[in-house]
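Below is one structure, written out as structure tokens, with a few remarks after it.
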Amino acid sequence: MSALFSEKTTPLTQLTSPIFAKYGVEVWVKRDDLNHPLIQGNKWHKLRLNIEAAQQQGKSQLLTFGGAFSNHIAATAVAAHAIEMESIGIIRGEELKEMPNRWSETLKHAHRMGMQFEFISRARYRQKNNLKYLQRLSEQYPNAYILPEGGSNSLAVAGFEQPVAQLMAQIPEWSHLFCAVGTGGTLAGLIKHTEQTIRQHAPHKTRFIYGIPVLKQGDSLRPIIQQWIGETGHVQWQLLTDYHFGGYAKTTPDLLAFKSEFEQQFAIPLDPVYTVKMVAAFYDQLQKGQIKAGSKVVLWHTGGLQGNLPPKQD
Ligand SMILES: *Cc1c(COP(=O)(O)O)cnc(C)c1O
């Protein structure tokens, strides 16, 4: 396997603040955003075993789906480039085809990494999990390994075994974990491997894992996540669906102010789409008395910081 996928332990950084002392909780950030210089955070774990599978199957291309601002599109393009595979992005929004000047930085970056685009209508895009459509795509691209939107599948979920093992070694007695949710693959991986580790050897104490959907209608993800994780006994998990702040990539002035305060106080950057909503959810739960004194809370930093780059002038 290429050096691209060598494993690295990312820092677990404790945050100190009067408000945490007031509520009697200890708080850490798992800096999983620092796991890889090119493919940051959760997208890297989700791709790792999928790329191994693609190579084992003798595929020469990675094909996947996303919107114009998808971190997964960028990550797939970068990974494919690094291991000399081709990449194909099926992108939502037909109108973008004729207007490369309106491409997002994400799309431009993916394009520079050699990703080939197919732009499709929103209606067509909704077929992305339809078996007949996928069958047609694999006939059209016989050398392609097809990854679902957001890269979430069972191999993506399995990719979180290593980061969970890291966390368990760094702080075996953690009690609460917060993680941002898009498609739910990352959350499922964290839950599944926490459950397995505790069952096998860690202290048998219930762990609470909270997923924070950044899209509206987060509840619809519950059965999908449930399918990936199977039975849980040692982990109690929940989706906190009231922290989408208007929906995907939407924000408010208060949330932006919160983001810069947090970044100044702790010198830890957040991204505006995912991690800021996760941290805001934690603070709100804390202030509502939902996290009892003595808790040891882990905020899982999933990365996504390329979203912070200012728009480039061309
Ligand atoms: C993609 C992404 C997520 C969501 O991951 P899912 O596995 O789709 O739930 C969370 N945080 C960041 C920074 C991301 O880029």
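Can you give me the Kirkwood hydrodynamic radius for region 172-314, using every pair of distinct Cα atoms, in Å to one decimal?
Over region 172-314, the inverse of the mean reciprocal pair distance is 16.0 Å.
Can you pull the percent of Cα pairs in the chain with separation above 27 Å?
Here the tail beyond 27 Å accounts for 42 percent of pairs.
Let me test this: with uniform point scatterers at the alpha carbons of region 88-171, what is the Debye-based log₁₀ I(q)/I(0) at q = 0.11, 0.15, 0.17, 0.23 1/Å?
Debye intensities relative to I(0), on a log10 scale: -0.44, -0.72, -0.84, -1.19.
What are the residues whose amide H is under 5 Å from the amide H of TRP237, where those residues sit 5 or more places off or on another chain and H is modelled from the backbone?
Amide H neighbours of TRP237: ILE209.
Using only Cα atoms, find the angle between the long axis of helix 161-170 and the longest principal axis of the chain, and express it within 0 to 90 degrees, rounded to the nearest 10.
Orientation of helix 161-170: about 20 degrees from the principal axis.
Arrange the peptides 245-256, 226-237, 293-304 so that the one whose residues have, on average, the most other Cβ atoms within 10 Å appears first.
Descending packing order for the listed peptides: 293-304, 226-237, 245-256.
Can you work out the Karplus-derived ³J(HN,Hα) for every residue in region 255-270? Use 6.51 cos²θ - 1.76 cosθ + 1.60 with θ = phi - 60°, whole Hz, and x for glycine or proline.
5, 5, 5, 4, 4, 6, 4, 4, 4, 6, 5, 10, 6, 10, x, 10
If amide H atoms are built 1.01 Å from N in the plane of the peptide, which residues on other chains or at least 5 residues away come under 5 Å of the amide H of PHE119?
When sequence neighbours closer than 5 places are left aside, the close amide H contacts are ILE91.
Would you mind giving the three semi-axes, in whole Å and largest first, of the ellipsoid equivalent to region 32-160 according to its Cα gyration tensor?
Those come to 21, 18, 13 Å.
Before I look further, what does the chain give for accessible area per residue, probe 1.4 Å, in whole square angstrom?
Heavy-atom accessible area per residue stands at 46 Å².
So, with a 1.4 angstrom probe, what is the percent of accessible area on the chain that is carbon and sulfur?
51 percent
Could you order the peptides 132-140, 177-185 from most to least packed, using the average number of other C-beta atoms within 10 Å per residue?
Top to bottom by mean Cβ count within 10 Å: 177-185, 132-140.
What do you get for the angle between helix 42-56 and the principal long axis of the chain? Use alpha-carbon atoms, 0 to 90 degrees, nearest ten.
The answer is roughly 40 degrees.
Roughly speaking, what is the centre-to-centre gap between region 25-44 and region 65-84 when only Cα atoms are used, to the nearest Å?
When both Cα centres are located, 18 Å separates them.
Take the Cα atoms of region 130-243, build their convex hull, and give its volume per residue in Å³. Don't skip to the end; give the middle numbers.
Numbers: hull volume 13.2 nm³, N = 114.
So the per-residue hull volume is 115 Å³.
Taking Cα atoms, how many degrees apart are the long axis of helix 185-200 and the longest axis of the chain, rounded to 10 and kept between 0 and 90?
Roughly 50 degrees between the two axes.
Given the pairs LYS43/LYS216; LYS97/LYS277; LYS43/LYS292, which span a C-alpha to C-alpha distance of over 28 angstrom in this model?
Beyond 28 Å between Cα atoms: LYS97/LYS277; LYS43/LYS292.
The values are calculated or read from the model by the stated rules, or taken from the named source; none is laboratory data. Since the model is a prediction, treat every value here as computed from it, not as a measurement. Ideal geometry is used to build each Cβ from the backbone, glycine not excepted, and the neighbour counts take in all protein chains shown. Accessible surface is based on the protein model in full, side chains and every heavy atom, while ligands, DNA and RNA are left aside. Shrake-Rupley method; radii C 1.70, N 1.55, O 1.52, S 1.80 Å.
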